2 protein chains.
Amino acid sequence: MKWCRFQAAGQVSYGIIEEQTVIAVTGSPFDTYTKTATTYPLHEVKLLVPVIPPTFYAAGINYREHVIEMAQKRGAEPAFPPQADVGYRANNALIANEEPIVIPKDATELVQYEGELVVVIGKPCKRVSEADVLDYVLGYTIGNDVSERTWQRGDRTLWRGKNTDTFKPMGPWIVTDLNPDDLRVTIRLNDQEMFTYGVADAIFGVRHFLSRMSQYLTLYPGDVLWMGTDGATENMKDGDTVEVEIPGIGVLRNPVVRER
Amino acid sequence: MKWCRFQAAGQVSYGIIEEQTVIAVTGSPFDTYTKTATTYPLHEVKLLVPVIPPTFYAAGINYREHVIEMAQKRGAEPAFPPQADVGYRANNALIANEEPIVIPKDATELVQYEGELVVVIGKPCKRVSEADVLDYVLGYTIGNDVSERTWQRGDRTLWRGKNTDTFKPMGPWIVTDLNPDDLRVTIRLNDQEMFTYGVADAIFGVRHFLSRMSQYLTLYPGDVLWMGTDGATENMKDGDTVEVEIPGIGVLRNPVVRER
């Protein structure tokens, strides 16, 4: 099942995508919902960020090759995380599919993509085992964890390095009934493939992260967990287009502009 | 003006407190609202967390004596932050006035209070000067940034050290038209005064934090910024009661229980 959040005829609502048609629903996938008789051609609606999370979690450092590449660029030894300690991102930075990533005037040229899987929670989840925790997941979408590397390294926190407005593209929709271990992420810059990796190569997988988090935290419907990226990441500049594709979900595509 | 969020007669709504009476409103202080004819005695309603923030910001390290005390306990040199880099907390951890702080079974005894001022944003705010930024503030409430110190130091992030369920008491209500520089914070454990400090002694003040954040981030109605605490903090144990008082706002009081 394919869930979207969209705007059409001045209304914002959740919708179910079947083939090239969006069926508007009342309610939401996180509660009860009812299909309405209102439908739109998919290409005629404005897709929105598929969910505004109550809490926006991010695994951060979670793939070996990314850790090694980032350490090399700093001239440091790679340090792999010893345990699954989740981080956070911020809702102000979310943008939808096709919306522009805006690089602020005072950012350096080191503004880079990080293409990754996003897990969307469907039901309240507290102290759930790894074996059972995927039952609390609604589905999966795609995220681009855009990062200004000088701010990321120089500031005490990740606030502007990761959460400058427009730095968190997410979408285009949420797909249910997937096995995250089967998924592959491919990142393209201006139609050129930059990197591809299997989600299952994570240091800590989806089941482990969610189960561990749920020992201390209640995960709520609509919460998202971004799983981290693998490999080297490169700079994006004014006029570029960045795509993150996960076959089985879709393509998250965003143009890049720099403020003048 | 004193705003609350409350439950009464099975309904959740915002309310305006006048003397010892809550006047229910339709809408919210963040949008348009209308007073209704429904009123309740204040002591008969259940006060809820006064706002569920879209993004939950925390200044973190922002008072000199707290930096010095924390460094001494670790046997380290105090390191003052060179610039106002904001951090984050998480909504799962929020509880209201009088609700219990629950210490998990596997926490150490180093579970400590941090009493502080909370700024509540009222209007969208992007690139606003220090001189004007308080015009975007709805008002102020009180927070207790409960922290498990071994997790705070040992984990890669603050996820369970700061954001374990119930570790973020906030309330009891929001008061408008205050000058943050005039406010004092007093923390009491079991009726004993533990520490008192002036909000204006912060390394970076409310105006500076908000204005700097707004250069990169849009602050949205309902977003909160916790300003950090000063001084030493002490352990809380099963059966304790912790109070944070800011005259002009009120008292945030929470019992402490340990899971068995």
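The values are calculated or read from the model by the stated rules, or taken from the named source; none is laboratory data. Computed from a prediction, not measured in an experiment: that's the story for all the values here. Neighbour counts are summed over all protein chains in view; Cβ atoms, including those assigned to glycine, are modelled from backbone coordinates with ideal geometry. When the accessible area is computed, the model is the full protein with side chains, heavy atoms only, and any ligands, DNA or RNA have been set aside. Shrake-Rupley method; radii C 1.70, N 1.55, O 1.52, S 1.80 Å.
So the values come out like this:
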read-out	value
Dimensions in Å of chain B - Rg and Dmax from alpha carbons	17.8, 59
Antiparallel content of DSSP bridges confined to the range B:49-258, in %, to 5	80 percent
Radius, Kirkwood style, for the range B:26-65 when every pair of distinct Cα atoms is counted (Å)	14.1 Å
Total formal charge among the other residues, if their Cβ is under 13 angstrom from that of A:LYS46, Lys/Arg +1 and Asp/Glu -1	-2
Eligible aspartates and glutamates near A:LYS2 by straight Cα distance, threshold 13 Å, same-chain separation 8 or greater	A:GLU18, A:GLU19, A:ASP177
Sum of side-chain charges, B:LEU189 neighbourhood, beta-carbon under 9 Å (Lys, Arg +1; Asp, Glu -1)	-4
For B:212-219, mean number of other protein chain Cβ atoms within 10 Å	5
Of every Cα-Cα pair in the range A:1-48, the percent that sits beyond 17 Å	19 percent
Whichever lysines have a C-alpha closer than 22 Å to that of A:LYS162, once near sequence neighbours (fewer than 8 apart) are set aside	A:LYS73, A:LYS105, A:LYS237, B:LYS126, B:LYS162
Sequence-distant residues sharing a close amide H with A:ASP223 (under 5 Å, placed H)	A:THR55, A:ILE121
Pairwise burial B:A, computed as accessible area of each alone minus the pair, summed, 1.4 Å, Å²	3000 Å²
All aspartates and glutamates inside 12 Å of A:LYS46 as judged from Cα atoms, apart from same-chain residues fewer than 8 positions distant	A:GLU98, A:GLU99
In sequence order, calculated HN-Hα J values of the range B:141-147 (Karplus, 6.51, -1.76, 1.60; Hz; x Gly/Pro)	9, 10, x, 10, 7, 4, 9
Built amide H within the under 5 Å cut-off of B:LYS46, gap 5+	B:GLN7
Dimensions (Å) - the range A:1-106, Cα atoms, principal axes, largest first	58, 35, 25
Dipole in debye (nearest 20) - the protein assembly as shown, about Cα centre, beta carbon charges: Lys, Arg +1; Asp, Glu -1	100 debye
For the range B:122-129, 3J(HN,Hα) per residue [Karplus equation, 6.51 cos²θ - 1.76 cosθ + 1.60, θ = phi - 60°, Hz, x = Gly/Pro]	x, 9, x, 9, 9, 6, 10, 6
Cα-only Debye scattering, the protein assembly as shown: base-10 log of I(q)/I(0) at q = 0.05, 0.07, 0.08, 0.10 Å⁻¹	-0.19, -0.39, -0.51, -0.82
Under 5 Å, built H, 5+ apart or other chain: amide partners of B:ILE95	B:LYS168, B:MET170
In Hz, Karplus ³J(HN,Hα) per residue of the range B:238-249 (6.51, -1.76, 1.60; θ = phi - 60°; x = Gly, Pro)	3, x, 6, 10, 10, 10, 10, 10, 10, x, x, 10
